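Here, each number is a calculation from the coordinates, and none is a lab measurement. Every value quoted in this text rests on a predicted model; they were computed, and no experiment measured them. Cβ placement follows ideal geometry from the backbone for every residue including glycine, while neighbour counts extend to all protein chains displayed.
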Amino acid sequence: MGYVDEVIELVIKKNPAEPEFHQAVKEVLESLRPVVDANEEKFRREALLERIVEPDRQIKFRVPWVDDKGQVQVNTGYRVQFNNSIGPYKGGLRLHPSVNLGIIKFLGFEQIFKNSLTGLPIGGGKGGSDFDPKGKSDREVLAFCTSFITELYKYIGADVDVPAGDIGTGAREIGYMFGQFKKIKGTYEGVLTGKGLTYGGSLVRTEATGYGLLYLTEEMLKCNGLDIAGKTVVVSGSGNVAIYAIQKAHQLGAKVVTASDSNGWVYDADGIDVETLKEIKEVKRARLTEYVKYRPKAEYHEGRGVWNVKCDIALPCATQNELLLEDAKVLVENGCIAVAEGANMPTTLDATEYLLANGVLFAPGKAANAGGVATSALEMSQNSERLSWTFEEVDAKLKQIMVNIFHNMSNAAERYNAKGNYVVGANIAGFEKVATAMIAQGIW
Ligand code: NDP
Ligand code: 2IT
């Protein structure tokens, strides 16, 4: 058995009941075969793959808080510090009832290579809790966030580990967490990113993941002789990533006709109205059923279904494993030319293979959604120099980073005889820098 297969087997054996982590490891290691084959003896002697699939440490803790009825609730908190060979651990905090260790590990593992691709000095980590912010009052969210940081503060810091937002964690939660960190640690430092603009946040961070997704998609199309203007786009999700992906797609002359949440989806033939979506999701924190009240010509459908809408470009921006093989088949049948992942691992492995085999341009999440964490790293830079850059400055840097990521993954794919396979290219390009740093730093 080859080294790659041995390590995949080892991961499954050592981490049972963590299917999302297995999936993420498989995707990365399968892509690395040509690099591993060319360096097998050295990598084996150094146990490089065994080390890269084992987190530096996993922190799991109790998060007790009091709800509005005076009842004590108990959630589980996690922080997986996966790899800090190129910089402090960096990655978001997911607050969703589905959160478990395997999900945080898959996200932390992806983050290592994503962060490497940004070209910025950030290592990989991820955290979160099975707390569900939906339907909770501001006071309950504050109670949870305060308790969460009262434990997590011991393990994070501007030069150690810098968490940020992810599903269920936005500006409100980051603010509450920053306040508690400051109170108990007594330092005013860039320990979290995605902060409010009045206390160390960066302009463009809110928009960054969605905007970055479109900058990379635009470059991918351009380099394949295509123009994004005039294209019909379907988007899933209606959260932070989806909203700003839709906004930038419209600015670039494309038309986005769908958005979704975990209950259903909307089709708006005139193009999704971003201001309406922001009002419903960012201000009212309501369900997507509200959309048709503002836009009577639009349609609301229960359940899933955005991938059945005819489109040129599909942008999954909700969650993992939301685009299945059957969806990929419909997309291909409907003439879809490109899929770019705004979410982390939204496309299953068999769906990805099907899209690639059928000539669909496919930008994997660790490249396509890297704009969020890249702008977080720009927030860290601004915090370190105690200055704030303008919107235009940050946006220009973000765009350049996304264009560079596209070319780095495209070139890496070509170097290993996999021209146009950006999954292989992104994994190899992300891995090379981390591997070089790990080997240079001895055995740890
Ligand atoms: P939000 O919480 O702002 O929005 C998440 C959206 O996805 C909501 O519309 C939500 O619907 C939907 N969703 C979440 N879980 C599920 C589920 N299990 N089934 C169906 N729909 C679901 O999160 P973000 O927009 O920040 O994150 C979206 C994705 O992008 C995630 O995969 C995240 O890891 C990834 N990402 C986020 C970055 C960021 O900067 N925020 C950066 C890079 C990647 P509902 O409201 O009904 O739950
Ligand atoms: O998946 C991700 O890259 C994020 N949720 C953003 C992480 C960050 O540190 O900004």
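Structural remarks
- Expressed as a fraction of 2.2 N^0.38 Å, the value expected for a compact globular protein of N residues, the C-alpha radius of gyration of the chain is 0.93.
- For the range 160-213 versus the range 93-152, the gap between their alpha-carbon centres in whole angstrom: 12
- The charge dipole of the range 381-444, taken about its Cα centre with unit charges on the Cβ atoms of Lys, Arg (+1), Asp and Glu (-1) only, comes to about 180 debye.
- Selection of trypsin sites (Lys or Arg not before Pro), the range 62-146, meeting DSSP coil and at most 13 other Cβ within 10 Å: K69, K134
- Given R0 = 30 Å, the distance between the Cβ atoms of V403 and R139 translates into a calculated FRET efficiency of 0.10.
- E41/R287 FRET efficiency (R0 56 Å; Cβ-Cβ; nearest 0.05): 0.50
- Spatial offset of the range 1-69 relative to the range 247-274 amounts to 36 Å, using the alpha carbon center of each.
- Listed pairs K222/K278; K90/K154; K185/K433; K231/K399; K69/K183 exceeding 23 Å between Cα atoms: K222/K278; K185/K433; K69/K183
- Mean separation of Cα contacts under 8 Å, 6 or more apart, over the residue count of the range 239-287: relative contact order %: 31
- Point-to-point label distance, K222-D350, nm (Cα→Cβ direction, 7 Å offset): 3.8
- With a threshold of 27 Å on the Cα-Cα distance, the over-threshold entries among K13/K126; K13/K329; K284/K329; K126/K397 are K13/K329; K284/K329.
- Length-normalised contact order of the range 349-444 in % [C-alpha pairs under 8 Å, at least 6 apart]: 25
- For R94, the residues whose amide H sits under 5 Å from its own are G127, G128, S129, ignoring neighbours fewer than 5 places away on the same chain, with H placed 1.01 Å from N.
- For the range 224-312, the relative contact order works out to 31 percent when only alpha carbon pairs closer than 8 Å and six or more residues apart are counted.
- Cα shape, the range 372-444, gyration tensor, a/c 1.5 rule: oblate
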